[in-house]
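The values are calculated or read from the model by the stated rules, or taken from the named source; none is laboratory data. Here the structure is a predicted model, which means the values were calculated and not measured. Positions of Cβ are backbone-derived with ideal geometry, glycine not excepted, and every protein chain shown enters the neighbour counts.
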Amino acid sequence: MTEAEIFEFDLNGYIIYKDMLTRDQVDHMNGILDGHLSEDAHGFDFLTLDPVFMELMAHPRTLRIIRTMIGEWLRLDHAYGLQMDRQSVERGHVRPNLHGGLRHDHGEHQYEWFDGNMYNGLIVVMYALKDINPGDGGLICVPGSHKSNFRFRPPVDSHLVANPSFMAGDMLIFTEALVHGTTTWTSDQQRRALLYKYSPGYSAWASAERLDEARDMAANDLQRDLLRPPSVGKRTPLEIPDG
């Protein structure tokens, strides 16, 4: 991360990187998902559907970015996809909400600086596979709340709440210490995004057994290291390629 990127993430609790995926990659992933998902699917598993999703888990540029946020011992905690349309609320798939926040979930959601280094708990990496235009809905958050001294969640329609827009192929990263959630999807176009959630190597939010199938599919040492169960003792840093 550059100094400007670190400042932006520290200020807001989230940051958007443009064009992390090419149009060909986006089209390829959407084609795979189109063959597996119904139109009214909401949350879905995708990591083991095709090797391309395992490769994206180990995207070197993404790993170098979140290494700044988490440290050398980062691991994948869990992953899932989200799909929404204008009928999602009626189907009961989602209701407008805000959740998370600093020290939420037994203190796991953390954000701290010490001795010149940033420390986070769970980090969310979200790749958009369909455009999210201003006012479409979907992800909402309270910028800066990852550093708040008060456990407070404003109403979803508060002026404090932001609804970031980002296009297919863009990547948004936020810390779970940020108060965040979802609001009604208003676009005639479908929302589709892939969420990879990374933790420090010693930490787990989800059960490590959830990744057993993915471990069996791992194609190289980097993927295997990302899928290791959490531990402190004898853990080695992640070796991230420069390319």
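Quick notes on this structure:
- Looking only at segment 108-137, and only at residues there that are in a strand (DSSP E or B) and more than 16 Å from the chain's Cα centre (by Cα), the one that is surrounded by the most Cβ atoms within 10 Å (Cβ to Cβ): Met118
- Residues satisfying the stated conditions in segment 163-174, i.e. touching a residue at least 60 places away in the same chain (Cβ under 8 Å) and under 17 Å from Trp185 (Cα atoms): Pro164, Phe166, Met167, Ala168
For every residue, the table says whether it meets (1) closer than 20 Å to Gln25 by Cα; (2) modelled with pLDDT under 95; (3) among the charged types (D, E, K, R).
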| residue | (1), (2), (3) |
| --- | --- |
| Met126 | yes, no, no |
| Lys130 | yes, no, yes |
| Asp136 | no, yes, yes |
| Cys141 | no, no, no |
| Asn149 | no, yes, no |
| Ala162 | no, no, no |
| Ala168 | yes, no, no |
| Met171 | yes, no, no |
| Trp185 | no, yes, no |
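- All of Pro51, Pro96, Pro60 fail the test of being touching a Pro at 6+ places or on another chain (Cβ under 7 Å) and surrounded by fewer than 17 Cβ atoms within 10 Å (Cβ to Cβ), apart from Pro60.
- If you filter segment 184-225 down to residues that are among the basic types (Lys, Arg) and surrounded by 17 or more Cβ atoms within 10 Å (Cβ to Cβ), you find that the one that is nearest to Ala58 (Cα to Cα) is Lys197.
- Total residues in segment 61-84 satisfying the condition of being within 12 Å of the chain's Cα centre (by Cα) and among the aromatic types (Phe, Trp, Tyr): the figure is 1.
- Scanning segment 106-156 for residues that are of a type in the set (Lys, Arg) and either in contact (Cβ under 8 Å) with a residue 60 or more places away in the chain or touching a Lys or Arg at 6+ places or on another chain (Cβ under 7 Å) (or both) gives Lys130, Lys147.
- Ala58 meets each of the listed conditions (1) on the phi > 0 side of the Ramachandran plot; (2) within 14 Å of the chain's Cα centre (by Cα) apart from (1).
- Subset tally (residues that are polar (S, T, N, Q), part of a loop (DSSP other than H, G, I, E, B) and under 23 Å from Glu112 (Cα atoms)) for segment 138-158: 2
- Of the set (1) hydrophobic (A, V, I, L, M, F, W, C); (2) surrounded by fewer than 21 Cβ atoms within 10 Å (Cβ to Cβ); (3) touching a Ser or Thr at 6+ places or on another chain (Cβ under 9 Å); (4) closer than 27 Å to Phe152 by Cα, all apply to Trp73 but (4).
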